[in-house]
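The values are calculated or read from the model by the stated rules, or taken from the named source; none is laboratory data. These numbers were taken from a predicted model, which means no experiment stands behind them. Glycine also receives a Cβ, built like all others from the backbone with ideal geometry; neighbour counts cover every protein chain displayed. The accessibility values were calculated without ligands, DNA or RNA, using every heavy atom of the protein model including side chains. Shrake-Rupley method; radii C 1.70, N 1.55, O 1.52, S 1.80 Å.
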Amino acid sequence: MAKVFINKDADIKESINKENVTTHPTEIKKSIISVSPLKIYSLSWFQALSPNIQELVIDCLQSFIGEFEEIRLRINQPIIFRTGLKEMTVTSQKQLTFNLEKGYLINKEEIDRTVQLLSQNSLYAWEDEFKNGYITIPGGHRVGFVGKCVLDKGNIKTIKDISGINYRIGRQVLGCADKIIPYIVNNDQIYHTLIISPPQCGKTTLLRDIVRQISDGISKIGFQGVNVGLVDERSEIAGVYQGNPQFKIGLRTDILDACPKSQGMMMLIRSMSPRVIATDEIGKKEDIDSIYNALQAGVTVITTVHGGNYEEIKGRPNLKELINWRFFDRIIVLSRRKGVGTLETVIDGKTLEGI
Amino acid sequence: MFGAFCIIGGCGYIGFKIAHIYSKRVELFRFLQNGFSLLETEINYSSTPLPLALERVGMKINKDCGSLFAKAATMLHRKNGITASEAWNEGIITLSNKVPLTKEEKELLNVFGHGLGCSDKEEQLKNIALTKKQLYMVEKSVEEEQKKNQKMWQYLGICTGAVIVLILL
């Protein structure tokens, strides 16, 4: 079978480029139907699965392949594929089932082979990544690990005896920020923005598209692009793999990859003089301090935070300060009520009233 | 007369061929040590992933010896879930087809393969250093063998040829 695919090298390359770029949320559905076996083989997260699991996906789960958000392998537990809010598995007779208990059990060897495959048989080359518990693979997807931590003078040295692996499949939805951009960009002014969202609601995807649009410029509203500094602490927004961002994040974007947020923001202000700094999931004391510094340097901050709603965030120790200071001009709340990335409310951070 | 020359020449050639294997083996163990040094550099300074590191080493050193690294690299590049130690064993098989290896020498390389890739940098370097030391020892003993046997095989070939000619006369 593999030989057929090699002959169609050009097609593969083309589909790699299109791989995780969907034009609009409503079009995701259409693209699922058109995933051909050829395209499946060229998906970069698919290539990072062990051959056994690849076979399961090809045999039983082809129709769901465009929808996967997570694939979880746990030792002596059934393999779980998650799409949106649904979880499914495959029985050892290769039958798709939603009854997770009947699923194909993952053994230690499967996990070990997967780790070898993910690390390209070179654990030594990913020491830092293993310390943090995840690696970024081509395509900008992330794979997280758990196992037994090996300590050295109280710090985590590495993780051994890996017992659980989680593939988080990143997806770029070009244009998903279209609705939100008018709240953030007004003529040439860009507002300090906080995006509040529970997990799995498309917070990172949204931030990625906001960064791309602000950096490229938006011709529809006559907005010229500006320099954007992106502090990507968890390599999630730009999905940098060996120095190359795997997602489109705009032509005026400078990325500090795998850098702690507070240090990264200061570094970017000093070194790249951005107009806008974007970062994911703030909340620590240092983060708040460096946001103040950014303010003093005249840089706009666009950031996100985990949380169900505005009231909840108002009660958080560090964020409370920021909101009471009326630092943010716009507070955007997302939910999953009408599908991923539903725009719940937009709050004017100065008057603290809805818009 | 012509036949006699042919027999002496033929036997002499076989003798030289066998003698050549000894020098080839000495060369091999010398180059293998070089190869391991290169691998050490790739792992230590640039943290190159194993498939690429092995490929680079395979290209840099002499052909026979390089086949060990090159074969292992091609196996790993296929990404079909093969472990580094399995790929390395394939490399050893390729190598032993080119240059004869004793069981102990294969075992030495095999043991190195077990630790390949599946630990942190420090352990990798330790493993390489140990193997290099062992290869050095093997090189010395192979050199001894060469000194003892190379000349003998060369003479033996020609002499055997001459004896056969004498008997036939």
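Which order do you get for A:D254, A:D128 if you rank them by accessible area with a 1.4 Å probe, largest at the top?
Putting A:D254, A:D128 in descending order of accessible area: A:D128, A:D254.
Compare A:N187, A:N132, A:N293 in a GNM of chain A, Cα atoms joined below 10 Å, and give the one with the largest fluctuation.
A:N187
Nearest 10 degrees, 0 to 90: what angle lies between the long axis of helix B:50-60 and the longest principal axis of chain B (Cα atoms)?
The answer is roughly 40 degrees.
A:L295 to A:Q93: extension gain in nm, 0.36 nm per residue of separation minus the Cα-Cα distance?
66.8 nm
Averaged per residue, what accessible surface does region A:186-285 expose to a 1.4 Å probe, in Å²?
On the way: 4140 Å² over 100 residues.
Result: 41 Å² per residue.
Taking every residue in B:72-80, how many Cβ atoms of other protein chains lie within 10 Å of its Cβ, on average?
2
Just to compare against my own numbers: the Cα pair-distance distribution for region A:276-326, 10 Å bins, whole % per bin, please.
24, 60, 16, 0
Taking amide H positions as placed in the peptide plane 1.01 Å from N, state which residues far from A:K157 in sequence (5 or more) or on other chains have amide H under 5 Å from it.
Here the answer is A:V150, A:L151, A:D152, since their amide H atoms fall under 5 Å of that of A:K157.
Under a 1.4 angstrom probe, counting protein chains only, how are B:L28, A:L105 ranked by accessible area, largest first? Present the calculation step by step, with values, prior to reporting the outcome.
Numbers: B:L28 5, A:L105 105 Å².
So the residues, ranked largest to smallest area, are A:L105, B:L28.
If you count, for each residue, the other Cβ atoms within 10 Å and average over each peptide, how do A:330-340, B:47-57 line up from highest to lowest?
Values: A:330-340: 18.5, B:47-57: 22.6.
Those peptides, ordered most packed to least, come out B:47-57, A:330-340.
Given points 7 Å out from each Cα along the Cα-Cβ axis, report the A:F64 to B:E107 separation in nanometres with one decimal.
Placing both labels 7 Å along Cα→Cβ, they lie 5.0 nm apart.
Using the C-alpha gyration tensor of region A:71-174, what are the square roots of 5 times its eigenvalues, in whole angstrom, with the largest one first? Write down the numbers at each step before the final one.
Working: eigenvalues 138, 62, 28 Å².
In descending order, the three semi-axes are 26, 18, 12 Å.
At a probe of 1.4 Å, how much accessible area disappears from chains B and A on forming the pair, both sides counted, to the nearest 100 Å²?
Details: alone 9940 and 17450 Å², together 25930 Å².
Adding both sides of the contact gives about 1500 Å².
Suppose R0 equals 22 Å. What FRET efficiency, 1/(1 + (r/R0)^6) with r the Cβ-Cβ distance, do A:Q263 and A:L151 give to the nearest 0.05?
Using R0 = 22 Å, I get an efficiency of 0.35.
Give me the net charge of A:F223's neighbourhood, meaning all other residues with Cβ under 11 Å from the Cβ of A:F223; Lys, Arg count +1, Asp, Glu -1.
Working: positive: A:K220; negative: A:D188, A:D216.
Summing Lys/Arg as +1 and Asp/Glu as -1 gives -1.
Based on the Cβ-Cβ distance from A:N324 to A:K284, what FRET efficiency comes out when R0 is 22 Å, to the nearest 0.05?
Working: r = 18 Å, r/R0 = 0.81.
About 0.80, to the nearest 0.05.
How far apart, in nm, are two points set 7 Å out from the Cα along the Cα-to-Cβ line at B:S141 and at A:E311?
8.0
Carbon and sulfur: what percent of the protein assembly as shown's accessible surface (1.4 Å probe)?
Values: 14130 of 25930 Å².
Accessible surface attributable to carbon and sulfur in the protein assembly as shown totals 54 percent.
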